[in-house]
Amino acid sequence: LPLFERLEKRIVEGEVNGLEADLDAAMRQKKPIDIINENLLAGMKVVGDLFGSGQMQLPFVLQSAEVMKTAVAYLEPHMEKTDSGGKGKLLLATVKGDVHDIGKNLVDIIVSNNGYDVVNIGIKQPINAILEAAEEHRVDAIGMSGLLVKSTVIMKDNLQEMNARGVARRYPVLLGGAALTRTYVENDLDDVYEGEVRYAKDAFEGLKLMDRVMA
Ligand code: B1M
């Protein structure tokens, strides 16, 4: 198989042997971020479709996710970075009950490579933990990720809880993840939250929103 098709297939098949050599070869032809967006994520999409249609079992999905993570970690040091940090601080968490973190961690990479400080507190984070960390680190915005349909409900609950605690105007909120839609966030959730809530379809939109929050 040609190099880029082989990379996509490595994600689908969860095949890590020879991955680094392929990534080295790929980096001679395109930027690491383009390899992620154009090839590795294409592989994850196939995995999602196969799993969704019952043609792939969960342990294999996990294996694919591990290869994806290994690949991103290998590419990360080669990505372009602005050398100055300190543009602002973003807290990132995957919401309660949800373990999906590949997207959140991509947001972390893109946003922190572009001059922001990121406090990434991981997966399955209840609103208490999110707000405690936000307070402790004095963040400028809170980013929540979640891929399950039920996570979209949790996000709504979280926003309501932030209203109730009187912190909505203090924290602009960025939301992302496959189960969300722009309309749901910009219409429904915008009506719920007393502060600013925005939808990011990908990590780059997350960065753009951070730029807007800090402007
Ligand atoms: Co899960 N899973 N999974 N899974 N999994 C989905 C989400 C699913 C759509 C698959 C399917 O059925 N086709 C489905 C959800 C269905 C639903 O809710 N209606 C599903 C299911 C059902 C489950 C389990 C319930 C399965 C089970 O146990 N029976 C279980 C849930 C566990 C839990 O959370 N409690 C489960 C488990 C897993 C694994 C552990 C095996 C693994 C996750 C490993 C990991 O993340 N460490 C996994 C995977 C890999 C997937 C799919 C196949 C791929 C997800 C992914 O990493 N995509 C996924 C299929 C799909 O999404 N269509 C699926 C790549 C990633 C880069 O995309 O995270 O969307 P994404 O991020 C994007 C944007 O959304 C955005 O930026 C990224 C791109 O730049 N973005 C943000 C994301 N967060 C953002 C935050 C921002 C801004 C942008 O600002 C804050």
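The values are calculated or read from the model by the stated rules, or taken from the named source; none is laboratory data. All of these numbers come straight from a predicted model, not from anything done at the bench. Cβ sites come from the backbone with ideal geometry, for glycine too, and all protein chains shown count toward neighbours. Just so you know, the surface numbers come from the protein's heavy atoms only, side chains and all, with ligands and any DNA or RNA stripped out. Shrake-Rupley method; radii C 1.70, N 1.55, O 1.52, S 1.80 Å.
What number, rounded to the nearest 500 deg cm²/dmol, is the helix-based mean residue ellipticity at 222 nm of the chain, given -39500 (n - 2.57) per DSSP H run of at least four residues and division by all its residues? Value at 222 nm, helices only: -15000 deg cm²/dmol. Placing R0 at 45 angstrom, the Cβ-Cβ distance between Glu136 and Ala25 gives a FRET efficiency of 0.55 after rounding to 0.05.
The base-10 log of I(q)/I(0) for region 159-215, evaluated at q = 0.14, 0.16, 0.22, 0.25 Å⁻¹, reads -0.36, -0.47, -0.86, -1.03 [Debye formula, identical scatterers on Cα atoms, solvent excluded].
Volume per residue for region 98-170 equals 84 cubic angstrom (convex hull of Cα atoms). Between Val167 and Asp202, the FRET efficiency from the beta-carbon distance, with R0 = 25 Å, is close to 0.40. With contacts defined as alpha carbon pairs under 8 Å and 6 or more residues apart, what's the relative contact order of the chain in percent? Relative contact order here is 17 percent.
Asp24 contributes an accessible area of around 60 Å² to the protein surface, as traced by a 1.4 Å probe with all chains present. Sorted on the mean count of surrounding Cβ atoms within 10 Å across their residues, most packed first, peptides 170-176, 117-123 read 170-176, 117-123. Residues Thr152, Thr181 ordered from highest to lowest accessible area at a 1.4 Å probe: Thr181, Thr152. Going by a ≥ b ≥ c, the root eigenvalues of the Cα gyration tensor, does region 8-102 fall in the rounded group (a/c under 1.5), the prolate group (a/b larger than b/c) or the oblate group? Oblate is the answer for region 8-102, as a/c is 1.5 or above yet b/c matches or exceeds a/b. Shape class for region 54-151, computed from the alpha carbon gyration tensor (a ≥ b ≥ c): oblate, with a/c not under 1.5 and a/b at or below b/c. Accessible surface for Arg212 stands near 150 Å², nearest 10, in the context of the full protein assembly shown (1.4 Å probe).
Close lysine pairs were tallied over region 70-215: pairs 8 or more places apart or on different chains with Cα atoms under 25 Å apart number 28.
Report, to the nearest 10°, how far helix 41-52 tilts away from the longest principal axis of the Cα atoms in the chain, using its own Cα long axis and a range of 0 to 90°. Taking the Cα atoms of the chain, the angle to 41-52 is about 80 degrees. Of the accessible area of region 1-148, with the probe set at 1.4 angstrom, what percent is carbon plus sulfur? Here it works out to 52 percent.
Just to confirm the number: angle between the C-alpha axis of helix 102-112 and the first principal axis of the chain, 0 to 90 degrees, nearest 10? The answer is roughly 70 degrees. Projected onto planes of every orientation and averaged, the convex hull of the alpha-carbon atoms in the chain covers 12.1 nm².
What the chain shows is 51 Å² of accessible area per residue, with the surface traced by a 1.4 Å probe over protein heavy atoms.
Region 1-69 and region 79-145 have Cα centres separated by 25 Å. If I take R0 = 41 Å and measure r between the Cβ atoms of Ile121 and Leu1 in this structure, what FRET efficiency does the formula 1/(1 + (r/R0)^6) give, to the nearest 0.05? The value I calculate is 0.55.
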